[in-house]
Amino acid sequence: MTFKRFLLAGLFIAALNGCGQEVTTDLRGAEIKALDEQLLPNADWQLSKATVELSFCRDRINEALLASKAELRRWRLSGESTAFPPYRQEGLSTLSTLFEETDILLWQVEGNVSAQRYHVVKPVGVSKGELADAVFPAVVAFSSMAEVCHAAVDDSPY
């Protein structure tokens, strides 16, 4: 199922259930989870060249997002939600909260016990300049959040 179809199905369910805040939060969480499980870039999404490094103030969240590049790639290549470890959901829930507060989508590149690296994600139609210009404001926004203890930009090639 493509992301667009998934999103339309989610919007349809939200319309059936009403427009309450809880449904919106669940939909945002589903968006983050669906995006996290995809290999990007693809026909729908593009990634920033620079990466955003985040460390959450709770070690438990950092541990929930613990994943090497190889693990993330293997999980995503499987095409199955069950390939991802169940503890990851807590970390994705925190990413969903960040998305709700900033409207910035992140896609994880790797993560260790102290920090994770992400690309900013935008729809394919967005210009490369607009995508590049989104990275530094994202770091500024994340730096001011109580959940984030460290935010930085890394524009070195990976």
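The values are calculated or read from the model by the stated rules, or taken from the named source; none is laboratory data. Just so we're clear, the structure is a prediction, and the values are computed from it rather than from any experiment. Cβ placement follows ideal geometry from the backbone for every residue including glycine, while neighbour counts extend to all protein chains displayed. Only protein heavy atoms, including side chains, enter the accessible area calculation; ligands, DNA and RNA are left aside. Shrake-Rupley method; radii C 1.70, N 1.55, O 1.52, S 1.80 Å.
Among the conditions (1) within 19 Å of Gln38 (Cα to Cα); (2) open to solvent by 60 Å² or more (accessible area, probe 1.4 Å); (3) under 12 Å from the mean Cα position of the chain (by Cα), Glu100 misses just one, which is (1). Report yes if some residue within the range 34-54 is in contact (Cβ under 8 Å) with a residue 60 or more places away in the chain and more than 19 Å from Val121 (Cα to Cα); otherwise report no. Within the range 34-54 (the criterion being in contact (Cβ under 8 Å) with a residue 60 or more places away in the chain and more than 19 Å from Val121 (Cα to Cα)), the answer is no, since none of the residues qualifies. Report yes if some residue within the range 68-78 is closer than 28 Å to Asp133 by Cβ, small (Gly, Ala, Ser) and in contact (Cβ under 8 Å) with a residue 40 or more places away in the chain; otherwise report no. Among the residues of the range 68-78, not one is closer than 28 Å to Asp133 by Cβ, small (Gly, Ala, Ser) and in contact (Cβ under 8 Å) with a residue 40 or more places away in the chain, which makes the answer no.
Only one of the numbered conditions (1) out of contact with any helix residue (DSSP H, G or I) (no Cβ under 9 Å at 6 or more places or on another chain); (2) open to solvent by 70 Å² or more (accessible area, probe 1.4 Å) is not met by Glu71, and that is (2).
Yes/no per residue for (1) assigned to a loop (DSSP other than H, G, I, E, B); (2) open to solvent by less than 20 Å² (accessible area, probe 1.4 Å):
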| position | (1), (2) |
| --- | --- |
| Lys33 | no, no |
| Leu39 | yes, no |
| Asn42 | yes, no |
| Ala50 | no, yes |
| Glu53 | no, no |
| Asn62 | no, yes |
| Thr82 | no, no |
| Gly91 | no, yes |
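Checked across the range 115-126, the condition of being modelled with pLDDT under 95, open to solvent by 60 Å² or more (accessible area, probe 1.4 Å), over 21 Å from Ala30 (Cα atoms) and out of contact with any Phe, Trp or Tyr (no Cβ under 7 Å at 6 or more places or on another chain) holds for at least one residue.
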